[in-house]
Amino acid sequence: MAQLTGYKQIYTTDTLTVDSSQLNALGTRAVDPAGNEYVYLKGTASVVARDWVVYDEEFTATRLVANEVGPVAVAPTAIVADRFGWFQVEGVVQGNSDTVAADS
């Protein structure tokens, strides 16, 4: 449970919070005190804690499956469809994993 401070320390939220309505601009990035970076995204169906997701230019997450292309992030908690939250994009993170191939 990290507290976000943002680049200008304007965000003070728990990364495990799931928002039922959009509270920040999609694509907003923030950094916690440990230097881990997060992006604010719209969730997707069937996401559980530590799932890898890929997100699109509209900042909507999709569970990472074979042949997905795009930037990736890890869900710190279940952020399902029609919900919003912070997904980790940089730093030390525990993620659920199947086989991961190089250059994929």
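So here's what we get for this one:
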quantity: Any chance Gln3 is modelled with pLDDT of 85 or more and polar (S, T, N, Q); calculated: no
quantity: Failed item in (1) at pLDDT below 90; (2) within 11 Å of the chain's Cα centre (by Cα); (3) open to solvent by 60 Å² or more (accessible area, probe 1.4 Å), with Asn67 passing the rest; calculated: (2)
quantity: Subset of segment 74-95 [surrounded by fewer than 18 Cβ atoms within 10 Å (Cβ to Cβ) and of a type in the set (Gly, Ala, Ser)]; calculated: Ala78, Ala81, Gly91, Gly95
quantity: Segment 14-45 - residue that is within 15 Å of Ala61 (Cα to Cα) and charged (D, E, K, R) and, of those, most open to solvent (accessible area, probe 1.4 Å); calculated: Arg29
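The values are calculated or read from the model by the stated rules, or taken from the named source; none is laboratory data. Keep in mind that what you see is a predicted model, and the values were worked out from it rather than measured. Note that we place each Cβ from the backbone using ideal geometry, even for glycine, and neighbour counts take in every protein chain shown. Areas reflect the complete protein model, heavy atoms only, side chains present, ligands, DNA and RNA absent. Shrake-Rupley method; radii C 1.70, N 1.55, O 1.52, S 1.80 Å.
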